[in-house]
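Visitor: Below: one structure in structure tokens.
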Amino acid sequence: MLHHLLYVASPQQIKQTKTALSRIGAKTLGSPSDVAESYLLEHALLDKLILNIHLVSNLDAITPHLRRNPVDLLIYDERMDGIEARAALRQIRDDMVAFAALWGPDFLFPMSRVVAILTKEQNDAQRAFELGRVQVRDVYVAPPNTAHILRWLTRILTQGVRRGERVGMALSGGGLEGFLYQIGVLHALEKAIIGRPIRSVDVYSGISSGSICATLMAGNVPTAEVIRAMHGKSDVLAPLTGSLLFDVAAGVISRRLISSSVAWAGLDPSKWARKLLQSVPTGFFKGEALKNYFRDCITAYGHEDAFDQLQPELYIGATDQDSFEHVTFGKAPWRNVPISEALRASCGLPPFFTPAKINGRWFIDGQVTKTCNLELLVERDCRLILIIDPMKPLATLVPGSVDKRGGVFSILQTIKALVHTRFHQTLTHLTERYPDVDFLVFQPDEECAHLMAGLPMRYHIRTEIVTAAYRHTLRQMRERHAVYAAKLMRFGFELKTPGEIMDLEQRDDDILETGI
């Protein structure tokens, strides 16, 4: 497999390294940017690894390079009058944090992808210890020659890497608008990626409305056909209408009101407030029509309503309403639950949908306890994970802008902020812990966040959300083309050229309305 290395050192050390690379047969490549010289190295000491090595002599050039190029391992070499490693790596770490904050979670660069080469000094052990405390992956003190460095790099890039070449996709929630956003993103991915189809993903994990998209992908239901169904134009799927999604739970509501009113008889008026709160239903919609519709979608494309009948692995997360334990359907002991039942349970967002009862337990929205279950995909040996996460709050620097839009808006934005923060913390942890796993993250831009900032169950703006998500995803892939293309290529996916992606981006909106 091809590995991308960024070697950072003083100009004198860079010059010596170039001489060493030429001596062992490295091929000079065209420079990928203004800031780095590049070499391709195949050598017997690398044990079939191929290294694409970029040489940089300026710490300030690291983040510009990362913006345009993938980096699997950053090597900092302090030899020959370089900046002392501890000081240099502190600056590199601070720059990486600021870089990820600006460019998003795609560009989280963990210190566990950094190694250091040190000069021989009396306090070598102390310096190596201090670098280890900030998660630097390994340290080599005064390597005697190039052969030793190549063996060291081979060990770092191969040992402890347990995951294979599997690909996973994690889909988060966000209500109906989150579902629409994900449909737009998936449609863009299907249009922009050629070679290996995006539907050949090995493992899907879906939570809340993400469970719907994960089920459709695992069931090989074309995204374009879903878009047609939204507009009543599908020849395969029934029209996907708002009334179908919102089947009022009249029976549940009336029974709760009647039960509460009977209990109020003879009650002290001072206790009416408590009883009034108990009379509020836990959900206004049954969700049965939603469950039946998406069950029919996967059966229409030749699949049974069972986890073990799907070729890709599918996992759906929900929350036990009483214990608040996160339960993963598709995984023992919940593998025998029908997919449509699991999907319905995962989408039980209070107070919109009533809880779902499965095997004697009551379940609500899976996003109450987890954002998109990334840990499961790593556990299932995925080395590339595509993440679609609609739960991003609308951020603004205008004071009082949230307060002006009222309490409901404020509550929804608060929930999105909590879920978004939890997702970011989880992703940061996994990136640091598993440096050999690549993550591609798709989240709403400002335009999408504005469209999705109201109530999460608005279906009448479906075309606007799908269109905005589609165009933003294409633009993101075009702007980050070199990094995305290199990461996808390792697993057989080919990204269309920036010009081809721009052409997709500029087509008329009726493409999305018909799904063609």
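Visitor: Got at least one residue in the stretch 373-383 being closer than 28 Å to residue 461 by Cβ and open to solvent by 30 Å² or more (accessible area, probe 1.4 Å)?
Guide: No, the stretch 373-383 contains no residue that is closer than 28 Å to residue 461 by Cβ and open to solvent by 30 Å² or more (accessible area, probe 1.4 Å).
Visitor: OK, next. Among the residues of the stretch 162-172, is there at least one that is aliphatic (A, V, I, L, M) and assigned to a helix (DSSP H, G or I)? First the steps, then the outcome.
Guide: Narrowing the stretch 162-172 to residues aliphatic (A, V, I, L, M): 167, 169-171.
Those still in the list that are assigned to a helix (DSSP H, G or I) too: none.
The answer is no, given that none of the residues of the stretch 162-172 is aliphatic (A, V, I, L, M) and assigned to a helix (DSSP H, G or I).
Visitor: Another question, if that's okay. Which of the numbered conditions does residue 234 fail, given that it passes all the others? Conditions: (1) surrounded by fewer than 24 Cβ atoms within 10 Å (Cβ to Cβ); (2) of a type in the set (Ser, Thr, Tyr); (3) closer than 19 Å to residue 341 by Cβ.
Guide: Among (1) surrounded by fewer than 24 Cβ atoms within 10 Å (Cβ to Cβ); (2) of a type in the set (Ser, Thr, Tyr); (3) closer than 19 Å to residue 341 by Cβ, residue 234 violates only (3).
Visitor: Follow-up. For the subset of the stretch 112-154 comprising residues that are closer than 27 Å to residue 428 by Cβ and of a type in the set (Asp, Glu), which member is nearest to the chain's Cα centre (by Cα)?
Guide: Only one residue tops the list, namely 138.
Visitor: Here is a further query. So residue 473 ticks every box in (1) over 17 Å from residue 104 (Cβ atoms); (2) among the polar types (S, T, N, Q); (3) crowded, with 21+ Cβ neighbours inside 10 Å but one. Which box is left unticked?
Guide: If we test residue 473 against (1) over 17 Å from residue 104 (Cβ atoms); (2) among the polar types (S, T, N, Q); (3) crowded, with 21+ Cβ neighbours inside 10 Å, just (1) comes out false.
Visitor: Additional query: Any chance you could count how many residues in the stretch 479-497 are over 16 Å from residue 386 (Cα atoms), open to solvent by 60 Å² or more (accessible area, probe 1.4 Å) and either assigned to a helix (DSSP H, G or I) or in contact with a Lys or Arg (Cβ under 7 Å, 6 or more places away or on another chain) (or both)?
Guide: Selection size over the stretch 479-497: 1.
Visitor: Filter the helices (runs of 4 or more DSSP H) completely within the stretch 2-121 down to those with at least 2 residues that are free of Cβ contacts under 8 Å to residues at least 12 places away in the same chain and hydroxyl-bearing (Ser, Thr, Tyr).
Guide: 11-23
Visitor: Then there's this: If I filter the stretch 349-365 for residues that are in a helix (DSSP H, G or I) and either basic (Lys, Arg) or over 16 Å from the mean Cα position of the chain (by Cα) (or both), do I get at least one hit?
Guide: No, there is no match, as no residue in the stretch 349-365 is in a helix (DSSP H, G or I) and either basic (Lys, Arg) or over 16 Å from the mean Cα position of the chain (by Cα) (or both).
Visitor: Okay, next question. Taking the stretch 132-161, which residues are closer than 22 Å to residue 48 by Cα, of a type in the set (A, V, I, L, M, F, W, C) and either in a loop (DSSP other than H, G, I, E, B) or open to solvent by 60 Å² or more (accessible area, probe 1.4 Å) (or both)?
Guide: 161
Visitor: Turning to a different aspect of this structure: Among the residues of the stretch 183-210, which ones are outside any strand (DSSP E or B), at pLDDT 95 or above and polar (S, T, N, Q)?
Guide: none
Visitor: Name every residue in the stretch 122-131 that is without any contact (Cβ under 8 Å) to a residue 24 or more places away in the chain and open to solvent by less than 40 Å² (accessible area, probe 1.4 Å), in order of residue number. Give the derivation first.
Guide: Pass one, the stretch 122-131, residues without any contact (Cβ under 8 Å) to a residue 24 or more places away in the chain: 122-126, 128-129.
Selection gives 124, 128.
Visitor: Also, I was wondering about something else. Go through (1) within 26 Å of residue 478 (Cα to Cα); (2) crowded, with 19+ Cβ neighbours inside 10 Å for residue 209 and report which single condition fails.
Guide: (1)
Visitor: Ok, one more. Of the residues that make up the stretch 175-190, is at least one within 25 Å of residue 487 (Cα to Cα), among the polar types (S, T, N, Q) and either buried (at least 17 other Cβ atoms within 10 Å of the Cβ) or touching a Phe, Trp or Tyr at 6+ places or on another chain (Cβ under 8 Å) (or both)?
Guide: The answer is yes, given that some residue of the stretch 175-190 is within 25 Å of residue 487 (Cα to Cα), among the polar types (S, T, N, Q) and either buried (at least 17 other Cβ atoms within 10 Å of the Cβ) or touching a Phe, Trp or Tyr at 6+ places or on another chain (Cβ under 8 Å) (or both).
Visitor: Right, here's the next one. Within the stretch 217-228, track down each residue that is open to solvent by 10 Å² or more (accessible area, probe 1.4 Å) and either assigned to a helix (DSSP H, G or I) or hydrophobic (A, V, I, L, M, F, W, C) (or both).
Guide: The answer is 224, 225, 228.
Visitor: For the stretch 468-492, what are the residues that are closer than 16 Å to residue 187 by Cα, touching a helix residue (DSSP H, G or I) at 6+ places or on another chain (Cβ under 7 Å) and not small (Gly, Ala, Ser)?
Guide: 470, 471, 472, 473, 474, 475, 477, 478
Visitor: Also: Please work out which residue is nearest to the chain's Cα centre (by Cα), limiting yourself to the stretch 414-437 and to residues that are aliphatic (A, V, I, L, M) and open to solvent by less than 20 Å² (accessible area, probe 1.4 Å).
Guide: 427
Visitor: Here is a further query. Of the conditions (1) more than 19 Å from residue 177 (Cα to Cα); (2) open to solvent by 40 Å² or more (accessible area, probe 1.4 Å); (3) in contact (Cβ under 8 Å) with a residue 60 or more places away in the chain; (4) of a type outside the set (Gly, Ala, Ser), residue 451 clears all except one; give me its number.
Guide: (1)
Visitor: Can we say residue 267 is crowded, with 19+ Cβ neighbours inside 10 Å, of a type outside the set (Val, Ile, Thr) and either in a helix (DSSP H, G or I) or at pLDDT below 80 (or both)?
Guide: On the way: crowded, with 19+ Cβ neighbours inside 10 Å: no; of a type outside the set (Val, Ile, Thr): yes; either in a helix (DSSP H, G or I) or at pLDDT below 80 (or both): yes.
No, not satisfied.
Visitor: Take the residues of the stretch 28-86 that are open to solvent by less than 20 Å² (accessible area, probe 1.4 Å) and β-branched (Val, Ile, Thr): which is nearest to residue 127 (Cα to Cα)?
Guide: 75
Visitor: Among the residues of the stretch 340-349, are any out of contact with any His (no Cβ under 7 Å at 6 or more places or on another chain), surrounded by fewer than 19 Cβ atoms within 10 Å (Cβ to Cβ), touching a residue at least 24 places away in the same chain (Cβ under 8 Å) and not β-branched (Val, Ile, Thr)?
Guide: Scanning the stretch 340-349, I find no residue that is out of contact with any His (no Cβ under 7 Å at 6 or more places or on another chain), surrounded by fewer than 19 Cβ atoms within 10 Å (Cβ to Cβ), touching a residue at least 24 places away in the same chain (Cβ under 8 Å) and not β-branched (Val, Ile, Thr), so the answer is no.
Visitor: Which number in (1) touching a residue at least 60 places away in the same chain (Cβ under 8 Å); (2) in a helix (DSSP H, G or I) marks the one condition that residue 384 misses?
Guide: (2)
Visitor: Let me ask something else. Confirm whether residue 97 is of a type in the set (A, V, I, L, M, F, W, C) and out of contact with any helix residue (DSSP H, G or I) (no Cβ under 7 Å at 6 or more places or on another chain).
Guide: Yes; evaluated as a whole, the condition is true for this residue.
Visitor: Moving on to the next point. Which condition from (1) assigned to a loop (DSSP other than H, G, I, E, B); (2) without any contact (Cβ under 8 Å) to a residue 40 or more places away in the chain is the one that residue 394 breaks?
Guide: Exception for residue 394: condition (2).
The values are calculated or read from the model by the stated rules, or taken from the named source; none is laboratory data. Since the model is a prediction, treat every value here as computed from it, not as a measurement. Glycine gets a Cβ as well: all are built from the backbone with ideal geometry, and neighbour counts include every protein chain shown. The accessibility values were calculated without ligands, DNA or RNA, using every heavy atom of the protein model including side chains. Shrake-Rupley method; radii C 1.70, N 1.55, O 1.52, S 1.80 Å.
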